[in-house]
Structure formats: C-alpha cells, structure tokens
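Heads up, the thing below is written out as structure tokens.
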2 protein chains.
Amino acid sequence: MGKEITIYDIAGQLQISPATVSRALNDHPAINVKTKALINAKAEELGYRSNKFASNLRKQKTNTIGVIVPRLNSYIMSTVLAGMEKIANEEGFNLIISQSLESQKKEIANTKTMFSSRVDGLLVSVAFDTDSFEHFQPFIKRKIPLIFFDRILENSNCPAIVIDNIKAGYDATSHLIKQGRHTILHITGNLKRNVYADRLKGYQQALTEYNIPYNQDFVWETDLSLETGKEVAQRIVSLKTLPDALFIASDLCAVSCITTLKELNINIPKDISVVGFNNDPVSQVIAPKLTTIHYPAKEMGEIAIKSMINHLKGNLDLDAASAITLHSELMIRESGIS
Amino acid sequence: MGKEITIYDIAGQLQISPATVSRALNDHPAINVKTKALINAKAEELGYRSNKFASNLRKQKTNTIGVIVPRLNSYIMSTVLAGMEKIANEEGFNLIISQSLESQKKEIANTKTMFSSRVDGLLVSVAFDTDSFEHFQPFIKRKIPLIFFDRILENSNCPAIVIDNIKAGYDATSHLIKQGRHTILHITGNLKRNVYADRLKGYQQALTEYNIPYNQDFVWETDLSLETGKEVAQRIVSLKTLPDALFIASDLCAVSCITTLKELNINIPKDISVVGFNNDPVSQVIAPKLTTIHYPAKEMGEIAIKSMINHLKGNLDLDAASAITLHSELMIRESGIS
DNA sequence: CTGAAAGCGCTTACAG
DNA sequence: CTGAAAGCGCTTACAG
C-alpha cells in the first residue's frame, strides 16, 4: 500500500512552497499559469489526491448535503434522489441519504446523525406522522440551511419545493366530473401532510365548482399501500350504492384497487372511473391504462439540490418564506374515461 | 451562530487535559469511570459534537463506504440501498451513493470520485456494458476492499454477493415446462452480465433436462425496458408460430408485455404463460398476477454492507474468492399456470 | 489512570 | 506572483 501523496511531496519535487501548490491545485487566480501547469502535471504524475478531511477541517465546511426521505424504495423518492445525486455529483457535493420509514421517531434520529455529520445543508421530505418542528431547531440555530420538498412542514418558515397539490387534486377531480361522474370517492394518505391535505382541497374545490355536495364519508384516509388498495376495493363493493369514480392519491394503490375491483366484476372505467397520482411506470402497463397526475420527481430532486447548492455558494439567497412550485400535469388515459 | 464546542472547551472547563477528554469520549478503557461520566455530562451540557474531519484526518480513516449502482430508481436497487442505508446508519458508517446510469463511462467517473473521496470500501453492481476491470485497479492497489453485488465482474477475484441466477432461471423455466409448455421465449438483458448469462444457463439446463431442443432464436437480448415489453409483444404476435410461454428477466418488462399481448387478444396464461423476475410489487397488482422469482433485495443490501463493515472492522476477513449466494424463490401465481 | 506534545494535510491572512 | 507560518480539532505513542 503506497504512501499517500501530499502537497508537500509535490512541493518538494518541484522546489516550490506547499502554499503555492495548494493554490495552484485550487486554481487560484494569483498563480502563474505556467506554475499551475507544472504543478498539475506533477500532481497527475504522482497520483495525488486531495485530502478532503484536511481541507474540510481547515475550511470548516463539509461539502456534504443531508437528505431525509420517508423511504428510499418508492418510485417517486428514488427518482427524486436520482435527480439529486446527478447534480450533487456534478457540483462536487456529497449526499448523505437516510430514510425515516414514515416515523417521526426515526426522523428525529436521522436529524441527529445529520447534525453530527455536520452537513452543510439539509433537504427533508417529512414522515407521515411528523407533527413537530423541534428536531430541526438545531439547524435553524446554527443557520444551517434547511429546505423541505414534496412533504413539507408548513409554518416552518423554511423554503419549500412542491407541486401545486391543490391544482392537481382539482384537475383529477374535475376531469372525473366532466366525464359525468358525481359520486367520487377520494382515497388519500395522512391528512397532516400538505400533499394529501392539498389534494383534498382541490377535490373539494372541483366539487364546489360543479355544485356537487361534499360528503366527508367519501374521503378515506389510509396508508395508500398495496394491501389498502385491495381492502378499499372490497369495502367499495360492499357499499349500499357504488361510487362512480375514484381519485386515489397513489398509483400503486390505485392499480392494486383496480385489479381487485376487476376480480369482483366491476368494469373499469365503465362502472367506476379511476384517477391515480404520480405517473408511476406501472400506470402505463395495466389495463385499462391509468389516468394519473404526472409528478415531476426528477426535476424536483434537481431543483431542490440546485437551490441548496446555490444557496451554499452564496449565488442565491433563499428567502425563508420562498416556495418553488413545479408544474404537474393530468395524464389522460383509459381508466378515467367512461 | 454559536462557536463550535471542541474537546479543548470541555478540557478547559473541567481542568483536565484534552487527551483525557478525547479518550473518555471514545470510551477508552484506561479512563476512570467517574472521569468519563463527568466528561460526558459536560459534553452533553455544552452541546459538543465531535469533528469527524479532524478525527478522520488524524486516524486516516473515512468511515465512509461508496456504493455504485446502475440506477437508483429501480425497485430492486432502491430496496437494496434501503437495506444498506439502514445497517450503515446503525453502525455509524456513511454511504456515498452514485449511479452509473448503465454506462461504463459514467461508472469510471464514479469510481474516480469514490477514490478521491477516499472511501474505506466500495460496493458495486456494474453497468450493462462494463467490460473492463481497469477502473477498479486503484482500489486493489491500495487494498481498499471492493465487493460486487448482484451484477458482478467475474474473474475480478473480488468477493461477490449474488443470488443463484442459474437456479432461478432453471426454476422459472422448469415451472413452465411442467405446465406443458415447450416453446419458451426467453427475454433477457445484456448477456455480458452474470445475472442474465446465468439465468440463460438455467433456462438451457431446464430445456436439456426435459429433452427440449435449445433454439437460439428463442433468446432475445434487450434492455428490458417498458417500451421493450410492448415491442416484444408486437413482435411475438407477428411470429409464424406463437410461443406458448415467456420467461422475462424483469417484472416491469413482463407486465408491459402482458398488457400489450392482452390488447392484441392473446389470453394470458391460456395462450401464453409468463414468468417474470424480481417480485416487484407490480407483479401482484396486475391481472393475471405474475408468476415471478422473488429477489431478496433488502437482504442483499444488508448482507453486502455487513460484510464490508465486518471486513473493515477486522472481524471478518473476506476471502478474495469468496461468494455469498442468497436464496431466491419461485412465486407461483396465475400468469404461469395454464 | 492521566498529561504533554507531535502531527494528520490542508488553507489563508499577512508579508513581500 | 510566491512564501513562511499558524492553525483547523482531533488521536496516540510515549512517559509517568
């Protein structure tokens, strides 16, 4: 195992000071172009690699951004992370990723790890049951930038990257209404979360606009899992009067529900129209193809990380109250057309 | 922004040496229990957090493990990573994750980043087209442990965590044969990769065992994408004689293919039986439910990272030639039963 | 069981 | 444009 090359080795061989080597390697403007070329060539020749720990220790920066997500293995989140990873990599930032597994408790533990890892900034999409901002206070106190994305904490006074969930909920619901549907069941997630609360608001807005009375019994708060999809289907067929449409806040749950409904001899979309959410690849490979809301997951990841990096570099000052809203879009396919 | 607390602050307030504080904080056995308690209490009181950069610089370790995967946003990979993240977190290791996007070129860039980030160890699942071991040599030279998982590089002489793809291919194919199927089309990925080459071997073994001649035209090497699933379906119906079964090396592709075949009035499984691969959640929510091979993704992630951590801690010496094979299992559902 | 001292490899304010 | 020197916050061999 060969000894690690340092700037002193380069300096020694070139009869030059370590300070100059350091500057040259960092492309400092004051250094002579020829000197830089010489130093870079020697660094290459010796197989030099910079020691980030020494550099970070000295600079008091970590170049590391923390990301906390509810789970890694969902289509939306892994796509968001793929987008973040790409940009972070290009910009020379490291990502520390951890998952809360939908539990505030685990999320609190994650924030502690992030804090002691001294991340330069933190990007968070909160768990189902998070109802406190307490665990983020240490970051605020130390002025470590904190940005929420997708599932945000309102009143946190932190920048947020979101889609317009109200509009998306409105689009989904009004599409169903325009198809002549009036008893629309809305299957959603924990209403503590903006993403679900806002979709519900959009659902209500559409009903109001078309003079359809809002019935609270038509909103089912669930965990949106595959199992839930099946249970929902069974519960639906046992209802006195069948709804004529479903607006389900997750494609995976919607697909599971549709499959079970079909097994129970319900015709989709003839008997019941369905609109999902996310534009998960699965939405295109089932029959009937699922009408859904396209969620710009990759873009969200890219924009969230870019905002953070720009802020850290001082290029962009994130206003505490600012929010970036991405465009989402109704993808009309067979399941929502009657 | 309050000043960061260091061991000197604790030492100063307690009238004790920084060396003792350092030892106490690291639970060094030589330190008096009372002294330790005192120091820990003071550290807690002052909100001390250890500076990993100083510590790593001094110890010449990074406590960081690099992971390179083909892509983040596939069910299998995000689940593998979820498993890794969980264990790494518990054991106090950081993960740097990057994706090759199925390109050797990007994979090479990723290895360079990992190398200059001085990861203590590297975990890799290679891209579709990787055909050189060259970019991993710097790790070998520096004796930085390198472990492959899922898509491994044979002859690399590195430890590998895999499933028995030959057996899985055999199980899938022989199941179809037992259902009376004899013209089984095998849709697979890049045959450079062990996962696909081995599944093909298993397919061939099963044919041989049941005295079915092997026909090379029945093996289609593809990218296993959703689009490919559609194209495959269209190509199948244009064939002079229809195959009576499909063994597709990815559930997502299989589901897409089934849906298109159904649109083309092919009855699944009556006309064509289908077996997929991975046990992706989507396999359970389509009609007919997909017969597939359960892939122990979470376990693979956990075992891969545990092997690495144990090796780094010196608990377990990874034999260069060793391989860990995880159990996979045929999940019999409707699509493969005729 | 505790301490003094050196050193890990950088960066940068200051000086020239 | 270049250099000398200090210091970032730890850990550990050595000494007692």
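Using a cut-off of 11 Å between beta-carbons, work out the net charge of the residues near residue B:277 (Lys and Arg +1, Asp and Glu -1, residue B:277 not included). Walk me through the numbers before you get to the answer.
Values: positive: B:199; negative: B:171, B:251, B:280.
Taking every other residue near residue B:277 into account, the sum is -2.
At 7 Å along Cα-to-Cβ for each site, give me the label-to-label distance between residue A:132 and residue A:334 in nm.
5.0 nm
From the backbone phi of region A:288-303, what are the Karplus-calculated ³J(HN,Hα) couplings (6.51 cos²θ - 1.76 cosθ + 1.60, θ = phi - 60°) in whole Hz, Gly and Pro given as x?
Karplus-based 3J(HN,Hα) across region A:288-303 equals x, 4, 8, 6, 7, 9, 6, 9, x, 5, 4, 4, 4, x, 5, 5 Hz.
Taking a label point 7 Å from Cα toward Cβ, how far is residue B:15 from its twins in the other copies, in nm, shortest first?
Between copies, matching label points for residue B:15 lie 5.6 nm apart.
What distance in nm separates the two pseudo spin-label positions at residue A:323 and residue B:141, each 7 Å out from Cα along the beta-carbon direction?
About 5.3 nm, to one decimal.
Could you sort A:170, A:203 by accessible area so the largest value comes first, with the probe set to 1.4 Å?
Putting A:170, A:203 in descending order of accessible area: A:170, A:203.
Taking K and R as +1 and D and E as -1, what net charge do the other residues with C-beta under 13 Å from the C-beta of residue B:128 add up to?
Numbers: positive: B:71, B:105, B:106, B:151, B:192, B:193; negative: B:102, B:107, B:129, B:131, B:150, B:221, B:223.
Spelling it out: positives minus negatives among the neighbours equals -1.
Name the residue farthest towards the positive end of the dipole of chain B from the options B:205, B:124, B:57, assuming +1 on Cβ of Lys and Arg, -1 on Cβ of Asp and Glu, about the Cα centre.
Farthest towards the positive end: B:57.
Under unit Cβ charges (Lys, Arg +1; Asp, Glu -1), what dipole magnitude, rounded to 20 debye, does region A:7-50 have relative to its Cα centre?
Details: 5 positive and 4 negative charges, 23 e Å.
Rounded to the nearest 20 debye, it is 120 debye.
Using Cα pairs closer than 8 Å and at least 6 residues apart in sequence, work out the relative contact order for region B:85-128, in percent.
Values: 26 pairs, mean separation 16.4, N = 44.
About 37 percent, as a whole number.
Under the rule of at least 5 residues apart or a separate chain, name every residue whose amide H is placed under 5 Å from the amide H of residue B:146.
For residue B:146, the qualifying residues are B:122.
Averaged over its residues, how many other protein chain Cβ atoms are within 10 Å of peptide B:278-287's Cβ atoms?
Values: counts 0, 0, 1, 9, 11, 0, 7, 15, 8, 7.
Whole-number average of other-chain Cβ neighbours for B:278-287 is 6.
Answer with one residue from A:153, A:92, B:237: the one whose Cα lies farthest towards the positive end of the charge dipole of the protein assembly as shown, charges on Cβ with Lys, Arg +1 and Asp, Glu -1.
Going by the Cα projections, it comes out as A:92.
Please go through the residue pairs A:61/A:86; B:105/B:262; B:178/B:201; A:59/B:61 and name each one whose alpha carbons sit more than 29 Å apart in this structure. Please list the in-between numbers first.
Numbers: A:61/A:86 21 Å; B:105/B:262 39 Å; B:178/B:201 18 Å; A:59/B:61 19 Å.
Where the Cα-Cα span goes over 29 Å, the pairs concerned are B:105/B:262.
Work out from phi, with θ = phi - 60° and the Karplus expression 6.51 cos²θ - 1.76 cosθ + 1.60, the ³J(HN,Hα) of each residue of region B:171-179, listed in order in whole Hz, and give x for Gly and Pro.
Along region B:171-179, the couplings run 4, 4, 5, 5, 4, 5, 4, 5, 7 Hz.
Counting partner chain Cβ atoms within 10 Å of every residue's Cβ in A:186-196, what's the average?
Details: counts 0, 0, 0, 0, 0, 0, 0, 0, 0, 0, 0.
That average works out to 0.
Which one, A:29, A:17, A:40, projects farthest toward the positive side of the charge dipole computed for region A:7-50 from Cβ point charges (K/R +1, D/E -1)?
Comparing the listed Cα positions along the dipole, A:29 ranks first.
Within the set of other residues whose C-beta is less than 11 Å from the C-beta of residue A:309, count the net charge using Lys and Arg as +1 and Asp and Glu as -1. Don't skip to the end; give the middle numbers.
Numbers: positive: A:306, A:313; negative: A:90, A:91, A:120, A:302.
In short, -2.
Using a Förster radius of 25 Å, what is the FRET efficiency between residue B:211 and residue B:241 based on their Cβ-Cβ separation? Nearest 0.05, please.
Values: r = 19 Å, r/R0 = 0.78.
So, using R0 = 25 Å, E works out to roughly 0.80.
What distance in nm separates the two pseudo spin-label positions at residue A:8 and residue A:271, each 7 Å out from Cα along the beta-carbon direction?
Output for this residue pair reads 7.9 nm.
What gaps in nm, shortest first, separate residue B:143 from its twins in the other copies when you place the label 7 Å past Cα toward the beta carbon?
4.6
With r as the distance between the Cβ atoms of residue B:157 and residue A:35 and R0 = 56 Å, compute the FRET efficiency 1/(1 + (r/R0)^6) and round to 0.05.
Given R0 = 56 Å and the Cβ-Cβ separation, E is 0.85.
Using helices alone, I'd like the mean residue ellipticity at 222 nm for the protein assembly as shown: each DSSP H run of four-plus residues gives -39500 (n - 2.57), total over residue count, nearest 500.
Details: 24 runs with 289 residues, N = 676.
Taken over the protein assembly as shown, the calculation gives -13500 deg cm²/dmol.
Only Lys, Arg, Asp and Glu count, each charged at its Cβ (+1, +1, -1, -1), so figure out the dipole size of the protein assembly as shown about its Cα centre, rounded to 20 debye.
Values: 74 positive and 72 negative charges, 417 e Å.
Using Cβ point charges on Lys, Arg, Asp and Glu, the protein assembly as shown gives about 2000 debye.
Using Cα-Cα distances under 8 Å and only pairs 6 or more residues apart, what relative contact order does region B:7-50 have, in percent? Walk me through the numbers on the way to the answer.
Working: 30 pairs, mean separation 15.5, N = 44.
Taking the mean separation of contacting Cα pairs over the length of region B:7-50, I get 35 percent.
Quick one: which residues, 5+ away or cross-chain, put their amide H under 5 Å from the amide H of residue B:67? H built at 1.01 Å from N.
B:96, B:97, B:98, B:123
For chain A, what's the relative contact order in percent, using C-alpha pairs closer than 8 Å and at least 6 residues apart?
Values: 615 pairs, mean separation 54.9, N = 338.
For chain A, the relative contact order is 16 percent.
Between copies, how far does the label point of residue B:113 sit from its twins, in nm, shortest first, when each point is 7 Å from Cα along Cα→Cβ?
Spacings between copies for this position, smallest first, are 2.0 nm.
Can you give the accessible area buried between chains B and A, summed over both chains, with a 1.4 Å probe, in Å² to the nearest 100?
4800 Å²
I'd like the mean, over residues of A:324-332, of how many other protein chain beta carbons sit within 10 Å of each residue's own Cβ.
Values: counts 0, 0, 0, 0, 0, 0, 0, 0, 0.
For peptide A:324-332, the averaged partner shielding equals 0.
Compute, for chain A, the length of the dipole vector about the Cα centre, with Cβ point charges of +1 (Lys, Arg) and -1 (Asp, Glu) only. Units Debye, rounded to 20. Write down the numbers at each step before the final one.
Details: 37 positive and 36 negative charges, 218 e Å.
So the dipole magnitude of chain A works out to roughly 1040 debye.
With every protein chain kept in the model, how would you rank A:107, B:45 by accessible area, 1.4 Å probe, largest at the top?
Numbers: A:107 0, B:45 125 Å².
Descending accessible area places them as B:45, A:107.
Ignoring solvent entirely, what values of log10 I(q)/I(0) come out of the Debye formula for chain B at 0.11, 0.15 Å⁻¹ when each Cα is a single scatterer?
So the normalised log intensities work out to -0.77, -1.16.
The values are calculated or read from the model by the stated rules, or taken from the named source; none is laboratory data. Everything numeric here is computed off the predicted structure, so don't read it as measured data. Cβ coordinates were reconstructed from backbone atoms using ideal geometry, including for glycine residues, and neighbour counts include every protein chain displayed. Surface areas here come from the heavy atoms of the whole protein model, side chains and all, with no ligands, DNA or RNA. Shrake-Rupley method; radii C 1.70, N 1.55, O 1.52, S 1.80 Å.
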